[in-house]
Amino acid sequence: MENRRFLSLVSWPVYSRYFVSLLLVAVATVMKLTLFETVGSKTPFLLYFAVVILVARYLGNGVALFASLLTTLAADFFFFPPYYSFHLSGGGAIQILVFLLECYLLALISSSQDKAARKISDHQKMFRTLIEKGTDGIMMVKLDGKIIYSSPSVERITGYRNEEFNGQDLWSFLIPESLTDVKEKFYQIASHPGRSEHFLHQLKHKNGHVIWVESTVTNLINEPLVKSLIVNFTDVTDRVVREKQMEDFVGIASHELKTPLTSLKAYTQVLEMRMRKENNTTSAVLVNKIDKQIDRVVAMIFDLLDVTKMQTGIMSLNLSLFDISDLVREVSDGFQNGDHGHEIAVNAEPDVQLRGDKTRISQVLNNLISNAIKYSPEARAVDVSLHREGNFVKVCVKDYGIGIPENEVKNVFKRFYRVEEVRESFQGLGLGLYISHQIIERHGGQMGVISEVNQGSQFWFTLPIS
């Protein structure tokens, strides 16, 4: 390809290219005239076609057209009977025109093929550069876990050279704690052509250290040019360590703050009782407000502790059999006597038994109803409903408040996420919906939301019925 570019029209002056084409046609004509003894056996077509193809490929389409005219004139004069004369009328003209068209068609085909070959080569070089210079490691793995290709970036991530990876089992580079989980995910993906999954796991570095990698495994077994599973992975050890340090800090800080705040709350309650006995109403009201603010801080701390437990995997569920209809009414009744001014309307199908952590489900209901009240300050109603859907029970909490923009709905269950429009107006950490979502998923259910700006939101969750 480099030689072809050296000979291409870019490096040749215009007059030189036309001269070379003229010379090639002349050489072809002389060869055909001298290599055969009888004029009748002189058939120059293939040789002339070869000249036209060479000119088109190396000197360009314009010069190829010129070469086609030259070969047509030469063929007409030397090789079309009667010989050594031009026949530009009648059947001879048609014959000459057909020959000219054939030559130029070959020139176009040759030039197009050359351009396509160059384009393919450029794309191959581009993709090769992206793979070789990219930060992600890329491997091609067979169904049995054998590695058949690894990109140069794999060595930068793992320390192993390509020849140490290729031909080995993928499993030999995993630590025992990750082996079962990664194998299970790998074979699940391998059984579904076209499937792709993303997960976090640990890998052994050549220096003996353990690193964290984010892998995306894509099943391309049915792709003829691939016929393997593609593994893309990135070293995220620094990020995982930072997150772990942050979680440890949040857990320790939350735990240390919880004890003095609990004591402070007890003191304020005692102080409020004394002031009311002394008929010091004004001070009692102020102390009551302090008590409520302490409750808010304690709730935030418990949220942070819950997130820490979820991230470290130590949150356990205390499962028991209970009637969720009774729980929905119980939680809703707890909000009826508040000073928020909302009426909680409950429509719950009776006697729905399920096995779950009653306290955690109550936490989810409290969060959804309190959010419905909080984000509908101008409305005066919140609807809570419960009904069966096959083997599941579905609980919905609907408000008529500010709603959520369509582009932000998909993010509301993420950790620490808060809708942009309410960050300044409404306080919070952005953990309540994340925790609720995690609790429902750990019960084998699902959680979602339907919302429209200025029309309200409907949060729902499902749980399997015992």
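The values are calculated or read from the model by the stated rules, or taken from the named source; none is laboratory data. Predicted, not measured: the structure shown is a model, and the values here were computed from it. When we count neighbours, we look across all protein chains shown, and the Cβ atoms used for this are built from the backbone with ideal geometry, even at glycine. Please note that ligands, DNA and RNA were not included when accessible areas were found on the heavy atoms of the full protein model with its side chains. Shrake-Rupley method; radii C 1.70, N 1.55, O 1.52, S 1.80 Å.
Summary table
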item: Qualifying positions in the stretch 433-466 - part of a helix (DSSP H, G or I) and surrounded by fewer than 18 Cβ atoms within 10 Å (Cβ to Cβ); result: 441, 442
item: Output for the stretch 446-466, where each listed residue is among the hydrophobic types (A, V, I, L, M, F, W, C), closer than 18 Å to residue 407 by Cβ and in contact with a Gly (Cβ under 7 Å, 6 or more places away or on another chain); result: 453
item: Single match in 10, 27, 20 (criterion: open to solvent by 10 Å² or more (accessible area, probe 1.4 Å), in a helix (DSSP H, G or I), modelled with pLDDT under 70 and among the aliphatic types (A, V, I, L, M)); result: 10
item: One residue from 206, 183 being more than 30 Å from residue 301 (Cβ to Cβ), in contact with a Phe, Trp or Tyr (Cβ under 8 Å, 6 or more places away or on another chain), outside any helix (DSSP H, G or I) and open to solvent by 50 Å² or more (accessible area, probe 1.4 Å); result: 206
item: Output for the stretch 217-236, where each listed residue is under 20 Å from the mean Cα position of the chain (by Cα) and more than 18 Å from residue 186 (Cβ to Cβ); result: 235, 236
item: Conditions (1) at pLDDT below 80; (2) part of a helix (DSSP H, G or I); (3) not hydrophobic (A, V, I, L, M, F, W, C): number failed by residue 71; result: (1)
item: Complete set of residues in the stretch 335-348 that are part of a loop (DSSP other than H, G, I, E, B) and open to solvent by 60 Å² or more (accessible area, probe 1.4 Å); result: 337, 339
item: Qualifying positions in the stretch 377-405 - basic (Lys, Arg), closer than 16 Å to residue 448 by Cβ and open to solvent by 60 Å² or more (accessible area, probe 1.4 Å); result: 398
item: Residue identified as surrounded by fewer than 15 Cβ atoms within 10 Å (Cβ to Cβ) and in contact with a strand residue (DSSP E or B) (Cβ under 9 Å, 6 or more places away or on another chain) among 226, 213, 231, 240; result: 226
item: Extreme residue, farthest from residue 442 (Cα to Cα), among residues of the stretch 318-334 that are part of a helix (DSSP H, G or I) and open to solvent by 80 Å² or more (accessible area, probe 1.4 Å); result: 333
item: Tabulated pairs, the stretch 44-65, first on the phi > 0 side of the Ramachandran plot, second in a helix (DSSP H, G or I), C-beta under 6 angstrom, 6+ apart or interchain; result: 60/9
item: Residues (hydroxyl-bearing (Ser, Thr, Tyr) and either farther than 26 Å from residue 439 by Cβ or in a loop (DSSP other than H, G, I, E, B) (or both)) located in the stretch 261-306; result: 263, 267, 268, 281, 282, 283
item: Where a residue in the stretch 157-171 is in contact (Cβ under 8 Å) with a residue 40 or more places away in the chain and its partner, wherever it lies, is among the acidic types (Asp, Glu), with Cβ under 8 Å and at least six apart; result: 157/235
